[in-house]
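Following: one structure in structure tokens, then a few remarks.
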Amino acid sequence: MKLSGAQILIESLKREGVKYIFGYPGGQVLNIFDVLYDEKDIQLILTRHEQGAAHAADGYARASGKPGVCLVTSGPGATNTVTGIATAYMDSIPMVVLTGQVPNMLIGNDAFQEADIVGITRPCTKYNFLVKDVSDLARTIKEAFYIASTGRPGPVLVDLPKDITVAKADFKYPEKVELRSYHPTFKGNLWQIKQAADAISKSRKPVVIAGGGVISSGAAAELKEFAEAAKLPVTMTMMGLGGFPGDHKLSLGMLGMHGTYFANMAVHESDLLIAIGMRFDDRVTGRVEDFAPGAKIIHIDIDPTSIRKNVRVDVPIVGDVKDVLKVLNKTMHDEGEHASPHRKVWLDRIEDWKAEHPMDYEQGDVIKPQFVVEKIYEITKGDAIITTEVGQNQMWAAQFFKYRKPRTWISSGGLGTMGYGFPAAIGAQFAFPNKLVFDIAGDGSIQMNIQELSTAVLHNLPVKVAILNNCFLGMVRQWQELFFQKRYSSTCLTGTPDFVKVAEAYGAVGLRAQKPSDVEGVIREAIKVKRPTFMDFVCDQMEKVYPMVPAGAAINEMLFRPPDCLTGEKLICKTVKQELKCKCVRAKRGM
Amino acid sequence: MRHIISVMVENKFGVLSRVSGLFSGRGYNIESISVGQTLDPTVSQMTIVTSGDDNIIEQITKQLNKLLDVIKVTDLTEFDHVEREMMLIKVQPKTEHRAETLRVAEIFRGVIVDSSAKTYTIQVTGDDKKLEAIIDLLKPLGIKEVVRTGKVAIAREAKS
């Protein structure tokens, strides 16, 4: 029996086990939406912006480990997903983006709502396709899912001209994929793994740096076994949070620009770094010439281009992190004793650093954003999925919540996309309807995709948004304060709406905490109501993220909170007028 | 250092822009690029001349290998190889230099592929040095236009 392209598409998605498509309709995808109208097994989640659809698909993928699917129309529908695609690409998230396109015969004519989305997304997709013949459609979808979810995962875009969705063909879903030019390496080289085991046995000051690869390959158990057996301290990149239990005694928390003092010092003084599924991003290394000057580096990654891209590597191992760690664990056990007595000296040294500069803040009369994050951790006992926006909110969420399991931390690491967290939380909540999902947000970021409140309300998703409201684009303001002589150019957010009223206007729940004693009650109430909730935490406006490695510094050259900076400073905006306006908003809320 | 990289790719639309986009997006330099079909019509061969230190060349070859449409990458610079480029030179010599123009073409084993009352078009093939040399000799005689194909290269077989 012949099926239309639209039917073939949906049948193919069913074969891939797709339950949800996040999308938005339009002229060139009408036929596909028409098939979805009667579809029982796949639900289309209508977002309120295509960017929201892309981030929701991404959040679904990060929470569940399965590829997220997004369906939008041609032209502006497609271009609106580009930020979402680039976000997923930078963080290696499996995603299949289906875009409508004008009919094949009109391509290149500057037709209505035509955009060369294949050309536009070429540098920010793992691969993309333009389907020119309906008989290629099923195979293309099979390949898209295969490419997106194997090797180093990433987003794949399939551009579907309207005539393809109408044309008919026999439907036969291919059993397997054969791509002669795509063979990701899975098994690490045994000789190299042996070299790594030797180096670990000989090292006195080893540190493991775990990255997002640990999460995407599902290697958290292997990593734990590895670290515990050889008594290796483990620090994580931001993408690696949750890959190793944050409350484990061997955990050093996050490293890098806003990493912990003890993680950065340990890496700096280490004689052996074991980098696992990470790529030595500039936010991790600081000034590259002075990064871990005395350390040999073992680098395990599935992507050969990650190795020796930014730092020199002594023992490169290309392979899937889970497979390599399994073999490495076995190799190390075969060797017997490897946790040398020197290890205790090293771990004691790290304990000294922990005592010297623990992660802390001082809670005064005004709500400290860190306090909010800690309270969420305390009340949920860490059993929640946390998504974040980008900026200070993201760093505090990374620093003050201890992620114990993979896929509980969902944040835009590489691209740093503001407006990511809320739609991503919606996607994560679809993946796990019964889990607590919090988006830790700022008053700036939340306004970038605030329209998705409709989506959350429509599906009655109990997504909880904790807005750390400081009336500023806080991270940029922090840089201006520290490095631009307090010239707060365009970072004072005047004109911010009343978030409680916004939430209520959409039919969601709005709560506000004015003082530290309100915080716990607000969080508990948000959990209790089981509805989409905005929590407006009126926070210290001048609080900064510490420690901080200034741009261009080595990671052991950290800035700490100056002792006289514990309470809020006087607010100085670019103009007096702005200052008054900013205070005015606060006054209305009874500050 | 200059490298000649031979890249076997799927013969599909968009592949050239994936390869050239990789170079421009990551700030690598392309001195020349030439593409043509191989004996297998589904496969094309690209010859890319680029330059950079060892780290950059390592990244270029790794990044090329990572592209899904790339089947095989060979840095020919590491092997004994033959490289050739073809050039068409349109010369417009003064009447008294027409004979000299033909003589130069002959010395370089060039072929006259077109002639008019005022011009000769010479086809010449060779490596960089040879092509630069003929340009140097013809310049004083009056070059009107030069078109080059970019390099193609192939590994030499072992002698034994």
Note to self: Residues that are within 27 Å of the chain's Cα centre (by Cα): list the strands (runs of 3 or more DSSP E) wholly contained in the stretch A:153-239 that include at least 2 such residues.
What the structure shows: A:155-161, A:206-210, A:234-236
Note to self: Residues to consider are A:I555, A:I523; find the one that is under 25 Å from the mean Cα position of the chain (by Cα), modelled with pLDDT under 95 and of a type outside the set (G, A, S).
What the structure shows: A:I555
Next item on the list: Please go through the stretch B:114-134 and pick out each residue that is within 14 Å of B:K151 (Cβ to Cβ), assigned to a helix (DSSP H, G or I) and open to solvent by 30 Å² or more (accessible area, probe 1.4 Å).
Entry: B:D128, B:K129, B:K130, B:E132
Next item on the list: With respect to A:D301, determine if the residue is away from every other protein chain (no Cβ under 14 Å) and open to solvent by 10 Å² or more (accessible area, probe 1.4 Å).
Entry: no
Notebook entry, point to check: Has the stretch A:139-146 got at least one residue that is more than 11 Å from chain B (Cβ to nearest Cβ), touching a residue at least 40 places away in the same chain (Cβ under 8 Å), closer than 16 Å to A:I32 by Cα and touching a strand residue (DSSP E or B) at 6+ places or on another chain (Cβ under 8 Å)?
Noted result: yes
Item checked: Meets criteria (surrounded by 23 or more Cβ atoms within 10 Å (Cβ to Cβ), over 21 Å from A:P304 (Cα atoms) and of a type in the set (D, E)) for A:D198 -> no
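Results for (1) buried (at least 17 other Cβ atoms within 10 Å of the Cβ); (2) modelled with pLDDT of 95 or more; (3) away from every other protein chain (no Cβ under 14 Å); (4) touching a helix residue (DSSP H, G or I) at 6+ places or on another chain (Cβ under 7 Å), shown as yes or no for each residue.
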| position | (1), (2), (3), (4) |
| --- | --- |
| A:V158 | yes, yes, no, yes |
| A:A229 | no, no, yes, yes |
| A:M239 | yes, yes, yes, yes |
| A:S251 | yes, yes, yes, no |
| A:G259 | yes, yes, yes, no |
Notebook entry, point to check: Quick check: anything in the stretch B:47-60 surrounded by 17 or more Cβ atoms within 10 Å (Cβ to Cβ), within 14 Å of chain A (Cβ to nearest Cβ) and closer than 24 Å to A:L130 by Cβ?
Noted result: no
Item checked: Hits in the stretch B:25-51 (condition: charged (D, E, K, R) and in contact with a helix residue (DSSP H, G or I) (Cβ under 8 Å, 6 or more places away or on another chain)) -> B:R26
Item checked: Among (1) open to solvent by 10 Å² or more (accessible area, probe 1.4 Å); (2) modelled with pLDDT under 95; (3) polar (S, T, N, Q), the one test that A:T491 misses -> (1)
Margin query: Of everything in the stretch A:105-134, what is among the hydrophobic types (A, V, I, L, M, F, W, C), within 14 Å of another protein chain (Cβ to nearest Cβ) and not in a loop (DSSP other than H, G, I, E, B)? Give them in sequence order.
Written below: A:I117, A:V118, A:I120, A:C124, A:F129, A:L130
Note to self: Can you tell me which condition B:H97 does not meet? The list is (1) within 14 Å of chain A (Cβ to nearest Cβ); (2) touching a Leu at 6+ places or on another chain (Cβ under 6 Å), and all the others hold.
What the structure shows: (1)
Margin query: For the stretch A:30-57, give me each residue that is open to solvent by 10 Å² or more (accessible area, probe 1.4 Å) and more than 24 Å from the chain's Cα centre (by Cα).
Written below: A:L30, A:N31, A:F33, A:D34, A:V35, A:L36, A:Y37, A:D38, A:E39, A:K40, A:D41, A:Q43
Notebook entry, point to check: If the Cβ limit is 6 Å and pairs must be 6+ apart or interchain, which residue in the stretch A:86-101 that is under 13 Å from A:C124 (Cβ atoms) and open to solvent by less than 10 Å² (accessible area, probe 1.4 Å) pairs with which residue that is of a type in the set (D, E, K, R) and at pLDDT 95 or above?
Noted result: A:A88/A:D58; A:M95/A:D58
Note to self: Can you find, within the stretch B:61-83, the residue that is nearest to A:Y146 (Cα to Cα) among those that are within 10 Å of chain A (Cβ to nearest Cβ) and part of a helix (DSSP H, G or I)?
What the structure shows: B:K66
Next item on the list: Give A:G68, A:G27, A:G23 a once-over and let me know the one that is in contact with a Ser or Thr (Cβ under 9 Å, 6 or more places away or on another chain) and surrounded by 24 or more Cβ atoms within 10 Å (Cβ to Cβ).
Entry: A:G23
Next item on the list: Look at A:G419 and say whether it is surrounded by 24 or more Cβ atoms within 10 Å (Cβ to Cβ) and in a helix (DSSP H, G or I).
Entry: no
Next item on the list: Go through the stretch A:266-284 and count every residue that is under 22 Å from A:D360 (Cβ atoms) and buried (at least 24 other Cβ atoms within 10 Å of the Cβ).
Entry: 2
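Listed here are the residues, each with its yes/no results for (1) assigned to a loop (DSSP other than H, G, I, E, B); (2) farther than 28 Å from A:E175 by Cβ; (3) at pLDDT 95 or above.
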{"site": "A:I8", "(1), (2), (3)": "no, no, yes"}
{"site": "A:N31", "(1), (2), (3)": "no, no, yes"}
{"site": "A:D34", "(1), (2), (3)": "no, yes, yes"}
{"site": "A:D41", "(1), (2), (3)": "yes, no, yes"}
{"site": "A:K66", "(1), (2), (3)": "yes, no, yes"}
{"site": "A:L71", "(1), (2), (3)": "no, no, yes"}
{"site": "A:G77", "(1), (2), (3)": "no, yes, yes"}
Margin query: For the stretch B:63-106, which positions are of a type in the set (K, R), more than 17 Å from the chain's Cα centre (by Cα) and open to solvent by 60 Å² or more (accessible area, probe 1.4 Å)?
Written below: B:K66, B:K72, B:K90, B:K94, B:R103
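State all residues of the stretch B:16-31 that are within 13 Å of chain A (Cβ to nearest Cβ) and either part of a loop (DSSP other than H, G, I, E, B) or of a type outside the set (G, A, S) (or both); if no residue qualifies, say none.
Correct list: B:L16, B:R18, B:V19, B:L22, B:F23, B:R26, B:G27, B:Y28.
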Notebook entry, point to check: If you check every pair at least six apart or on different chains, which have Cβ atoms under 9 Å apart with a residue in the stretch A:166-184 that is under 14 Å from A:K14 (Cα atoms) first and a residue that is surrounded by 16 or more Cβ atoms within 10 Å (Cβ to Cβ) and polar (S, T, N, Q) second?
Noted result: A:F171/A:Q7; A:F171/A:S12; A:Y173/A:S12
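Which of the residues belonging to the stretch A:285-296 are open to solvent by less than 20 Å² (accessible area, probe 1.4 Å) and more than 23 Å from A:P358 (Cβ to Cβ)?
A:T285, A:F291, A:A295
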Margin query: If B:S34 satisfies all but one of (1) open to solvent by less than 40 Å² (accessible area, probe 1.4 Å); (2) within 9 Å of chain A (Cβ to nearest Cβ); (3) in contact with a Gly (Cβ under 8 Å, 6 or more places away or on another chain), what's the number of the condition it fails?
Written below: (2)
Checklist line | Top-ranked residue of the stretch A:361-397 - restricted to ones that are of a type in the set (K, R) and in contact (Cβ under 8 Å) with a residue 40 or more places away in the chain, ranked as least open to solvent (accessible area, probe 1.4 Å) | finding: A:K368
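The values are calculated or read from the model by the stated rules, or taken from the named source; none is laboratory data. Predicted model, so just to flag it, every value in this text is computed and none were measured. Here the Cβ is made from the backbone with ideal geometry for all residues, glycine too, and neighbour counts use every protein chain on show. Note: areas computed on protein heavy atoms with side chains; ligands, DNA, RNA excluded. Shrake-Rupley method; radii C 1.70, N 1.55, O 1.52, S 1.80 Å.
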